[in-house]
Each structure stands twice: as structure tokens, then as C-alpha cells.
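Below is one structure, written out as C-alpha cells; the observations come after it.
The values are calculated or read from the model by the stated rules, or taken from the named source; none is laboratory data. This is a predicted model, so every value here is computed, not measured. Glycine gets a Cβ as well: all are built from the backbone with ideal geometry, and neighbour counts include every protein chain shown.
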Amino acid sequence: MKTTQLQKVVSSPSVDITPKHIEVATMPVLDQLSFDEVKYSCKELDKVVKLIEEAAKADRKPLQDEVKRIIEAEKEHTAPLIDAINKGKANMLGYQNELARIEREANEKAANEAAERLLSGTPDQAIEQVPQLVLDKPTGLRTVKKARINNQNGFVDWALVVETLILADKFDPETLLKGLPAAMDKLNVREISGIEVYEHTTQTLR
Amino acid sequence: MTDEQYIYYAALSASRIKRFYTGDLTRVYKALEEGQTFHKRLLETPPKFMDAEAYCVYKAIIANKAWEAIWNESQKEVAEVRTLSIKGHVVPAKAKHDIKHPNFIADIKTTSCRTQAEFAQDMMRHYNHIQANWFSMVAGYDPSRFVYIGVSPQSRRGIVKPEGIFFHTHTREELTQGLILIENYIETQWKDTQKYLNLRGAI
């Protein structure tokens, strides 16, 4: 593997001095002088990191171009096939959905007819059998249960949604907590029981 | 009548006659037990307290307006006894109707069948035309007024699917065959059955 740029950078004088900067950057910060020294070394190390990253990026570029070219060639050959498969699957699903629709409607009709016949007359009077529909059997369908918001049924009971997830141990609090501090600020909500709003600080080298 | 009182009540049941033709059913005991539990969850539990599976089946049945009215108007899990005269024998008979409406009887069947046609075949394979006749005789209804409500796997996945519920009645020919099987059982097995029932002390 060619790593020309990377080799050039890692053997350059700017990288030679990094052990010294590593030593200084990891020193304890005890006063303003040591703070400035650590900050300076961190900045220098950051420059070296960027140099190495850029060199590695430059070395990766031809490889990535080659990978991109292979992927494009692969797509050129597979795209029409995948497209045909997807069209075929869509048509098959369309047919099976149509069967399901016919079955749904026939069942509805059968249920109505059954009810109508059974409700008519008296218990001891004979009735005709409800005709049954025979359809092709759906095959190869993979069905998974999913949930989505359907406002036709009224407002979403979010409290029950969250409670259900929590009780089933399938609740990911991070999803809800991510935007919570900003939302609390916006609505002027000072506190929520069980939630700690805290300041998370990181050091920058500006 | 409690479940226990019904089970031990000394009268002939459809399941005893069916067993004579189907043989020992202990191999499907788990499925039978699951079916019984499901009946309790669906028929003996108010909708508000049903579990998700039973509630979805209930919602799928009542999705049809006529069946919603029927569900509300009918009695559930009705145990009934009657003395029948079959082939010259006086036969104490019992049946427990899942749903008893003034005009008909409905029986809930949990099934692994995925289509109405499969379900119709399955009912015959399990000799349920005997049950249709027997239940109707005990209730004093015409056997054509016995309907199955088939509860298929797709209706038990916790999603309301009315198409997963099958309403099925036997043909007149099937009912005649069922009646012949009952009469044959009484003609050939009644003595033994009577001894068994006498042991239980009722007749």
C-alpha cells in the first residue's frame, strides 16, 4: 500500500518534536505558566494531528477513487437487475395485496351475510349455508409489526407510549433527553422531576 | 353452573362422541389448553380488561356492525343440559355454548388455518359437524344455526384484522353426516357410556 504523503509527514521535523510536546501537554496544570505551556503544546500537537490526517487523506484519495470506480462499475451491472427485482417484488406484493383486499371484502360480505341469515327466522328454522370464497394463498410475505403516528385516532397518548416502553425495558432515554434542555428553555420549564439539567463543558484550544 | 360442575355433570358431551371418532387427543393437548385459555380471555373478560391478543380478536369480530350487535345481545359461555331421545334411547346431554344468541349458537375456534377454505376443511377433519349437531340439539336449534367464528393466527398478533376472522357454517350434507355419526355412536356405544355416566351418579 502506498503511503507516500503520510511517510513524508511522519518523518518531517515538525513530527520529530512531538515527543517533547506530548510530555509538556500531559504535564499537570498548576498555574498560569503551566496552563499556557500545556495549551501551546496541545495546539502544536493538534497541528501535527491535522497534518497527519491530511497526508493520510491524500494517500487515501486515489484508493477511494478506485473503490468509487469499482462501486460505480458494480452498480452499472447490478442496478438494472436490482431494479427488475424491485419491480417484480412490487408487482408480486401488489397482486398479494389485491388478494388480501378481495379476501377482506369477501370476508366482510360473508360476515354480513352470515349475520343476516342467522338473525332471520327462528332458532328451529333451517337456513342456507353462506357461500365461501376460495382464493390463491399468499406466499413469501415477511411481515413485521411497526408503529406510526395516526392522528385519526385522536391525540397520541405519549404518557402511555413512554410508560409502555419503560415497563417493557425498551426505552431509550437519550432520544428524549437530547432536545430537552433547549425545549425547557423555550417553554420556561424550570425543572422536571427525575431530570437533572447540567452543564457539560469541554476545553477548546482557541 | 361452574366449569367444574359442568365438567363433572353426568351427561353426554359432544367431545366424548368426537373422541370416539378422532381417537386420543392428548397429542394436541397443548393446543386444546391454549384454546381454552383463549376462550376465557375473550369470552369471560370484559373488553376493558382483555389482554392485547384477546382485545384485538374482539375488535376484529365486532368490526362488523351486525356482529357487534350480536356480541352485545348474546350470552357467553352458557352451559345447558337437556334430555334427548336418540334411536330410542333417552340420553342426558350437555353442551357449553361460547355464544348463545336467541336465533343461533356460535362457537369460537382458535385455528392455525390461514384461509376460510382451509378452516372449513379443518372443521370437518376434526369432526366438528358432530359438535354442530349436538350443540344445536341441546339448545333446541336447527343445526344450520350453528356458526363457527374461526380465529386465525393473523388475528392473534395484536393487530385488529377482521379478515383474520372466519365465519363458517356447515353444509346440510355435512350436518346430515354429523347426525349419522351421533346416531351410530348412541347405537353402538350407549351401553358403555351409560355405565360411565352411572358411575358419576346422575342417571
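The helices (runs of 4 or more DSSP H) found wholly in region A:1-92 and carrying at least 2 residues that are aliphatic (A, V, I, L, M) and touching a residue at least 24 places away in the same chain (Cβ under 8 Å) occupy A:4-10.
Test B:V91 against the criterion of being more than 20 Å from B:R145 (Cα to Cα) and among the aliphatic types (A, V, I, L, M), and give yes or no. Reasoning before the result, please.
On the way: more than 20 Å from B:R145 (Cα to Cα): yes; among the aliphatic types (A, V, I, L, M): yes.
So B:V91 passes the test.
Taking into account only those residues within region B:139-173 that are closer than 16 Å to A:I127 by Cβ and more than 9 Å from chain A (Cβ to nearest Cβ), which is surrounded by the most Cβ atoms within 10 Å (Cβ to Cβ)? Across region B:139-173, the extreme among qualifying residues is B:F146.
Among the residues of region A:138-155, is there at least one that is surrounded by 11 or more Cβ atoms within 10 Å (Cβ to Cβ), in contact with a helix residue (DSSP H, G or I) (Cβ under 9 Å, 6 or more places away or on another chain) and within 30 Å of B:T115 (Cβ to Cβ)? Talk me through it step by step, then tell me what you get.
Within region A:138-155, the subset surrounded by 11 or more Cβ atoms within 10 Å (Cβ to Cβ) is A:138.
So of that shortlist, the ones also in contact with a helix residue (DSSP H, G or I) (Cβ under 9 Å, 6 or more places away or on another chain) come out as A:138.
When the remaining residues are screened for being within 30 Å of B:T115 (Cβ to Cβ), the result is A:138.
Within region A:138-155 (the criterion being surrounded by 11 or more Cβ atoms within 10 Å (Cβ to Cβ), in contact with a helix residue (DSSP H, G or I) (Cβ under 9 Å, 6 or more places away or on another chain) and within 30 Å of B:T115 (Cβ to Cβ)), the answer is yes, since at least one residue qualifies.
Would you confirm, using the coordinates I've provided, whether B:S13 is farther than 30 Å from A:E113 by Cβ, buried (at least 18 other Cβ atoms within 10 Å of the Cβ) and among the small types (G, A, S)? It is true that B:S13 is farther than 30 Å from A:E113 by Cβ, buried (at least 18 other Cβ atoms within 10 Å of the Cβ) and among the small types (G, A, S).
For region B:67-83, check the following and say yes or no: at least one residue is modelled with pLDDT under 90, touching a helix residue (DSSP H, G or I) at 6+ places or on another chain (Cβ under 9 Å) and of a type outside the set (K, R). It would help to see each step written out before you state the result.
Filtering region B:67-83 for residues modelled with pLDDT under 90 gives none.
For region B:67-83, residues modelled with pLDDT under 90, touching a helix residue (DSSP H, G or I) at 6+ places or on another chain (Cβ under 9 Å) and of a type outside the set (K, R): absent.
Of the residues making up region B:85-99, just one is within 13 Å of chain A (Cβ to nearest Cβ) and either touching a Lys or Arg at 6+ places or on another chain (Cβ under 8 Å) or β-branched (V, I, T) (or both), namely B:I99. Taking each residue of region B:45-74 that is within 16 Å of B:G158 (Cβ to Cβ) and in contact (Cβ under 8 Å) with a residue 40 or more places away in the chain and looking for partners that are of a type in the set (S, T, Y) and not in a loop (DSSP other than H, G, I, E, B) with beta-carbon atoms closer than 7 Å, six or more apart or interchain, yields B:C56/B:S155; B:V57/B:S155; B:A60/B:S155.
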